[in-house]
Amino acid sequence: MQFRFILFSLASVLVLSSCKKDKSNSDDYSSTQILNDFSVNVAQATYNDLASKTEQLHQAITNFTQNQTQANLDNCKSLWKQSRQAWEQSEGFLFGPVATDDIDPRIDTWPVDFNSLDSVLNNQSVYDEAYVNSLEDALKGFHPVEYLLWGVDGNKTIAQFTSRQLDYLEALAANLKTLTQQVASSWTTGNYHNEFANAGNGSQVFTTQHAAFMEMVSAMAGICEEVADGKMEDPLVSQNAMLEESPFAKNSIIDFTNNIKSVENVYLGKYTSQGQSLESFVRANNLSLDGSIKTKISAAITALGNITVPFGQAIFTQQTQVINAQNAIRDLKSVLENDLANLVSQKIQ
Amino acid sequence: MIHEMGDKAFEATFVSAPAPLNPGLGPIFNNVSCASCHIADGRGKPPLNSSEPLSAMLIRVSIPGVASNGGPLAVPGFGVQLQQRSINGVAKEADVIINYSEQTFSFPDGETYSLRTPTYQLANSYIPLPAGVMLSPRMAPPVFGLGLLEAVDESEILKFADENDANGDGISGKPNYVWNVLAGTRTLGRFGWKANNPTVLQQTAGAYNEDMGITSYVFPAESSKGQTQYDNRNDDPEIPDSVLRAVSFYVQTLAVPVRRSADDATVLQGKKLFNDAKCGSCHRPAMQTGVRVDFPEVSNQRIFPYTDLLLHDMGEGLADHRPDFDANGNEWRTAPLWGIGLTQKVNGHNFYLHDGRSTFAAGSNFMAWR
């Protein structure tokens, strides 16, 4: 999901017409603390977990290449799903170096380029991390790993793994590990934490705290739009299961749900531990809005849970449930980009 | 609705054909989607050193002479744009290696600033390059507000043309007249670093064709046609007319960021300096769009693009020495400055000009709110 000027422009219009002074320390929150805590408890916590899970995935794939047992393969699949969960839970704040340094497409490009993948598997190159890194984005990241682990129909057997595939898988996983470490360190040892936490106070990126708050709100609304009107809408409208995003592992509904959970994480300021957050800010200013946001988050997650078959099938057999989930996510998006954005513009300078 | 359709298509990653989803990439190309150069609809970042590959930048090429349409003369076997990437099993045209030498300059008051001077080398070309090939690097520019610039009446732009500096103000704005594919004749150029594209539709179709190797009704032939990389596939046009129109509409209707902190003291100081230095002689603050009954979204508006859409001689230091229709090797179009203050936030860098050499936006305090 890309940051969009249209969204930003609307928000900016609002701030011009409704600037109010609010240092906010008299309430139960500090806007400075909220920004700091988002960086530490959400962005850094999520990316650190992602980097740790992909490291384990790489280890599991290395084990599988050495010893092709069903247990080792199952372990690879399980760790792919755990890594995928951390990544999807980061897509509610897809801004900063992951976007500007072009890391997102290297981790999560869809679709896979099958022709090129075949030709890579048939060439004579030695696969290593550097080789994978030099390839096109449609040949690296989550989805080629998914395709090679599950196979095109999702039921690949151990006998179907060729030695070239195994070698390529290991190099792919090494590359994914490196990329996710890069994202994590951009917030931890890199400068982006300071840019974000010091918004309006010397930050080169965020000249006001309002801009940093709106970055969070826009990203939350943005992923809602991406899920409801992109990831779900395209396969449904064109009635084409080939357009589904994680088809091989049949993981799409879990992906969507983790995206909404990512919105919740940003709102609550929590991946595992929790400090101050947008929730603290909203509760101090408008309790009923806090209730409304939480209700809509859980309604969206519940609606996704009501889809009981893989998404590639649901677009044909459970269209009502799919549309209900889309509408629940659109409701959430609306309260974020209207009510929450308005409140931020009224209270945060 | 069409805007949203175009937005999605703008982000779609193409892969090699045949494929169930988004086929047609290449065989030779610069990048795989619109959004991979125009990241977040914003400004591309140049390679920082000779080991980084080109991503949001491309190289136009030609040999001395003029093509039958009045444009640059194609390099035999390479065309007018170099594709430094290719699908698997196909040869890319060449590698591009960029080296920078950093030079520091001083303002009269002693404050220093630096400019990087890039040099370009082509290596590993799939066939030998002829002597005398001219290169012109082009960064991916932001893509918002283009429908508004397109809607400005030609007379409003030509009003400020003063090719021979008849009014003696030292500024000589010159219009570029460029090949308009659908009109079949030369018309006023507005888009691109040398104003070498007449319409958003042609710019979009050109980017699909040359940058990604995707054919459309405007450019139905692969960029590699006639070369050994050509795919010989009978699948053109590779995108439906509706997709090309939707992407073009998306770009035409992408809003300009609203000005920020306009009453801030530092910003006002920058505004004064911008005016005192007469930056606005070329970076014209305001224009009026024409009445467009067919396109109310962009019709009859006062806009603040900070450009005159005309060519100016930027001197030997910035010259690419490669003519592009009426633009000579020293001339570049005045770049619009609206939204420039958001580059750091949206794209995470501050590299400007056609080749991304500038790390310093003169008047940046003022422009921070644009």
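Highlighted here are the helices (runs of 4 or more DSSP H) found entirely within segment A:247-349 that include at least 2 residues which are touching a Leu at 6+ places or on another chain (Cβ under 8 Å) and within 21 Å of residue A:33 (Cβ to Cβ): A:252-268, A:278-285, A:287-305, A:341-347. Out of curiosity, is residue A:270 closer than 21 Å to residue A:146 by Cβ and either over 15 Å from the mean Cα position of the chain (by Cα) or surrounded by fewer than 23 Cβ atoms within 10 Å (Cβ to Cβ) (or both)? Considered against the rule, which asks whether it is closer than 21 Å to residue A:146 by Cβ and either over 15 Å from the mean Cα position of the chain (by Cα) or surrounded by fewer than 23 Cβ atoms within 10 Å (Cβ to Cβ) (or both), residue A:270 comes out as no. Quick one: would you say residue A:334 is of a type outside the set (Asp, Glu) and free of Cβ contacts under 8 Å to residues at least 12 places away in the same chain? Yes: the conditions hold for residue A:334. Just one residue in the set A:257, A:180, A:208 is surrounded by fewer than 19 Cβ atoms within 10 Å (Cβ to Cβ) and on the phi < 0 side of the Ramachandran plot; that residue is A:208.
Inspect all residues belonging to segment B:71-83 and state whether any of them is of a type in the set (S, T, N, Q), in contact (Cβ under 8 Å) with a residue 60 or more places away in the chain and either more than 19 Å from residue B:121 (Cβ to Cβ) or within 11 Å of another protein chain (Cβ to nearest Cβ) (or both). Looking for residues that are of a type in the set (S, T, N, Q), in contact (Cβ under 8 Å) with a residue 60 or more places away in the chain and either more than 19 Å from residue B:121 (Cβ to Cβ) or within 11 Å of another protein chain (Cβ to nearest Cβ) (or both), one finds none in segment B:71-83, hence no.
In the set B:232, B:164, which member is surrounded by fewer than 14 Cβ atoms within 10 Å (Cβ to Cβ), under 27 Å from residue B:36 (Cβ atoms), at pLDDT below 95 and away from every other protein chain (no Cβ under 14 Å)? From the options B:232, B:164, the qualifying one is B:232.
Tell me, which residue of segment B:252-289 that is surrounded by fewer than 13 Cβ atoms within 10 Å (Cβ to Cβ) and not polar (S, T, N, Q) is farthest from the other protein chains (Cβ to nearest Cβ)? Among them, the one singled out is B:278. For residue B:213, the conditions (1) more than 18 Å from residue B:152 (Cβ to Cβ); (2) of a type outside the set (Lys, Arg); (3) without any contact (Cβ under 8 Å) to a residue 24 or more places away in the chain are fulfilled apart from (3). If you go through segment B:5-37 and pick out every residue that is within 7 Å of another protein chain (Cβ to nearest Cβ) and in contact (Cβ under 8 Å) with a residue 24 or more places away in the chain, you end up with 4. Selection of segment A:281-299 for residues being within 18 Å of residue A:215 (Cβ to Cβ) and not aromatic (Phe, Trp, Tyr) yields A:282, A:293. Looking across segment B:106-125, the residues that are without any contact (Cβ under 8 Å) to a residue 24 or more places away in the chain and more than 24 Å from residue B:136 (Cβ to Cβ) come down to B:106, B:107, B:108, B:109, B:110, B:111, B:112. Suppose we filter segment B:221-247 for residues that are of a type outside the set (A, V, I, L, M, F, W, C) and within 21 Å of residue B:60 (Cβ to Cβ); how many remain? Final tally of qualifying residues: 8. Restricting attention to segment A:287-314, the residues that are farther than 18 Å from residue A:339 by Cα and among the hydrophobic types (A, V, I, L, M, F, W, C) total 7. Condition first: charged (D, E, K, R) and in contact with a Cys (Cβ under 7 Å, 6 or more places away or on another chain). Now tell me which residues in segment B:159-193 satisfy that. Selection gives nothing. Consider segment B:337-370 and keep the residues that are away from every other protein chain (no Cβ under 14 Å) and out of contact with any strand residue (DSSP E or B) (no Cβ under 7 Å at 6 or more places or on another chain). The one that is modelled with the lowest pLDDT is B:363. Name every residue in segment A:191-210 that is farther than 17 Å from residue B:349 by Cα, within 10 Å of chain B (Cβ to nearest Cβ) and in a helix (DSSP H, G or I), in order of residue number. A:210 - this is the single residue of segment A:191-210 that is farther than 17 Å from residue B:349 by Cα, within 10 Å of chain B (Cβ to nearest Cβ) and in a helix (DSSP H, G or I). Just one of (1) surrounded by fewer than 16 Cβ atoms within 10 Å (Cβ to Cβ); (2) assigned to a helix (DSSP H, G or I); (3) within 14 Å of chain B (Cβ to nearest Cβ) fails for residue A:159. It is (3). Where residues in segment B:87-107 are more than 24 Å from residue B:353 (Cα to Cα) and modelled with pLDDT under 95, which of them is most open to solvent (accessible area, probe 1.4 Å)? For segment B:87-107, the residue satisfying everything is B:89. What residue, among those in segment A:1-60 that are at pLDDT below 95, open to solvent by 80 Å² or more (accessible area, probe 1.4 Å) and more than 14 Å from every other protein chain (Cβ to nearest Cβ), is farthest from residue B:6 (Cα to Cα)? Among those that are at pLDDT below 95, open to solvent by 80 Å² or more (accessible area, probe 1.4 Å) and more than 14 Å from every other protein chain (Cβ to nearest Cβ), it is A:26. Scanning segment B:3-10 for any residue that is over 30 Å from residue B:130 (Cβ atoms), among the acidic types (Asp, Glu) and surrounded by fewer than 18 Cβ atoms within 10 Å (Cβ to Cβ) turns up at least one such residue. Restricting the search to segment B:46-65, which residues are open to solvent by 30 Å² or more (accessible area, probe 1.4 Å), more than 8 Å from chain A (Cβ to nearest Cβ) and either modelled with pLDDT under 95 or assigned to a helix (DSSP H, G or I) (or both)? B:48, B:49, B:50, B:51, B:52, B:53 - these are the residues of segment B:46-65 that are open to solvent by 30 Å² or more (accessible area, probe 1.4 Å), more than 8 Å from chain A (Cβ to nearest Cβ) and either modelled with pLDDT under 95 or assigned to a helix (DSSP H, G or I) (or both).
With respect to residue A:104, determine if the residue is free of Cβ contacts under 8 Å to residues at least 12 places away in the same chain and open to solvent by less than 40 Å² (accessible area, probe 1.4 Å). Considered against the rule, which asks whether it is free of Cβ contacts under 8 Å to residues at least 12 places away in the same chain and open to solvent by less than 40 Å² (accessible area, probe 1.4 Å), residue A:104 comes out as yes. I'm checking my understanding of the structure. Among residues of segment B:301-331 that are of a type in the set (A, V, I, L, M, F, W, C), buried (at least 22 other Cβ atoms within 10 Å of the Cβ) and in contact with a helix residue (DSSP H, G or I) (Cβ under 8 Å, 6 or more places away or on another chain), which one is farthest from residue A:195 (Cα to Cα)? In this case the residue turns out to be B:310.
The values are calculated or read from the model by the stated rules, or taken from the named source; none is laboratory data. What you see is a predicted model; the values in this text were computed from it and never measured. Cβ sites come from the backbone with ideal geometry, for glycine too, and all protein chains shown count toward neighbours. Calculation scope for accessible area: heavy atoms of the full protein, side chains included, ligands and nucleic acids excluded. Shrake-Rupley method; radii C 1.70, N 1.55, O 1.52, S 1.80 Å.
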